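Participant: One structure, as structure tokens, below. Some questions next.
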Amino acid sequence: MDKQHLLDLAVEAARMAPSADNSQPWQLRLLDQTVSVHHRPTAGTDLFGANGHATLISIGSVAENLCQILPESRASMTVCDLKGGAPYFSIPIPEHATEKFAKDFALFTRGTNRFPYAKTPPSAELLQAISEQQEELLVRTQLLLAPDKRKAFSDIVETCCEARFCNRELHEWLMASLRFSKTDIDRGDGLALNTINLPPGGGLFMQWIRPWHRMNLLNKMGAFKLMAINEAQLLRNAPLIIAILGEDSPNGAFAAGKLMERVWIQLNQLGWAVHPYYVVTDQESRLQSRQLPGDWEKPLTEAINDARALLCLKPGERLHMALRVGKPTKTPPRSLRLPVSQIFTSAENDRQS
């Protein structure tokens, strides 16, 4: 495989990484045979910013995808600026890739499945593949298999979802991320409505509650509780929950993104669906920074403490991400990505022109 083909694959691999509401907060630049990954402010409200935890999870996922496409360069990847994203990291493009590797692109089949799963118990093959994985001794996986532990975690998620649906900033971020029409979907970012598990008429309901004053009115009648129950019920019914946890630091978040992506790819390869749940992590961050609406500090403090006890977290550690895992009952459409021209620039091409 020649260098140009390898570069094209690397850029495509980076595009396929997951991000919060498919916001794709990265920019790739090629200079002197090296690809560097920078922060790209997202359209509208850049909710998490360059050094936000969710952003660093995504950047870690980009790094894992690039390392899988460029295994010869994994050891040469240089982490630069996780707090500012200028750049986050860089990785060299080798002269050639082996033919054996060139036929293995499992990362391109990874995707999110937000629909209900079958109750098929996890296979021994699955558990062996993902149990006790770690990344750079910073983060690790923990499997929640026992029904009582899965229920306890789902209860925590329900409380965090209630708080989330009462937060105007998060509501407006979600509504700005949703893509209702084909024209909007074809832009290549955000959440296409057909990738979300909604009941009949759910799309019309989501359009109606886009203005915050309507959602706020419904919340006074308990809508946030019903929506949180629906969100947590999918998790409650899943046969397996995987927690990605470890060091609470920028390096820890970056490593968590790498580990999450690697596990996610493995799960999809084995025929298991994955749905990431970030709400507990996000609400813990908002609790720490006091970005909470109304009287949510006490119930969220209790929920986060329950999560820490359930996951046996040590001081200085946190939950980075939870994954709902199960056998799919439906194959959802895949979210599109922004055009290459919007996330990749080549200084080498600029020189030649």
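The values are calculated or read from the model by the stated rules, or taken from the named source; none is laboratory data. The structure presented is a predicted model; accordingly, all values stated were derived computationally and were not measured. Here the Cβ positions follow ideal geometry from the backbone for every residue, glycine too, while neighbour counts run over all protein chains shown. Areas reflect the complete protein model, heavy atoms only, side chains present, ligands, DNA and RNA absent. Shrake-Rupley method; radii C 1.70, N 1.55, O 1.52, S 1.80 Å.
Participant: Restricting to DSSP loop positions (anything but H, G, I, E, B) with no more than 14 other Cβ atoms inside 10 Å of their own Cβ, which trypsin sites (Lys or Arg not before Pro) remain in segment 210-246?
Facilitator: In loop regions of segment 210-246 (DSSP not H, G, I, E or B), the sparsely surrounded trypsin sites (Lys or Arg not before Pro) are K220.
Participant: A further question follows. Got a number for carbon plus sulfur as a percent of the chain's accessible area, 1.4 Å probe?
Facilitator: Exposed carbon and sulfur together represent 53 percent of the surface.
Participant: Return the FRET efficiency for the residue pair W208, S346: r is the Cβ-Cβ distance, R0 is 35 Å, and the value is rounded to the nearest 0.05.
Facilitator: So, using R0 = 35 Å, E works out to roughly 0.20.
Participant: Once the principal axes of the Cα atoms of segment 51-205 are found, what is the range along each, listed largest first in whole angstroms?
Facilitator: 53, 42, 33
Participant: So what is the accessible area of the chain per residue, in Å², with the probe set to 1.4 Å?
Facilitator: Details: 15800 Å² over 353 residues.
Accessible surface, normalised per residue, equals 45 Å².
Participant: Hey, what D do you get for the chain in µm²/s if you plug the Kirkwood alpha-carbon radius into Stokes-Einstein at 25 °C and 0.890 mPa s?
Facilitator: Taking Rh from Cα pairs, D becomes 117 µm²/s.
Participant: Another question about this same structure. If you keep only loop residues by DSSP, which GluC sites (Glu not before Pro) in segment 291-320 have at most 10 other Cβ atoms within 10 Å of their Cβ? Show your work: numbers first, answer last.
Facilitator: Numbers: sites: E297, E302, E317; in loops: none.
Those that pass, being in a loop and sparsely packed, number zero.
Participant: Just how far, in whole angstrom, is segment 1-53 from segment 229-262 if you go by their alpha carbon centroids?
Facilitator: Taking the Cα centre of segment 1-53 as reference, the centre of segment 229-262 is 21 Å away.
Participant: Averaged across orientations, what area in nm² does the convex hull of the alpha carbons in segment 223-295 project?
Facilitator: 6.4
Participant: Express in nm, to one decimal, how much length is gained between D81 and E132 on full extension, taking 0.36 nm for each residue of separation and deducting their alpha carbon distance.
Facilitator: Using 0.36 nm per residue and subtracting the Cα-Cα distance, I get 15.5 nm.
Participant: Then there is this: Just to be sure I follow: if Rg is taken over the C-alpha atoms of segment 246-335 and Rh is the Kirkwood radius over the same atoms, what is Rg/Rh?
Facilitator: That ratio equals 1.03.
Participant: Only sites in a loop by DSSP and with at most 10 other Cβ atoms within 10 Å count here; which trypsin sites (Lys or Arg not before Pro) in segment 280-353 make the cut?
Facilitator: Answer by residue number: R290.
Participant: Sort out for me the Cα centre separation of segment 114-145 from segment 181-204, rounded to whole Å.
Facilitator: First find each Cα centre; the distance between them is then 29 Å.
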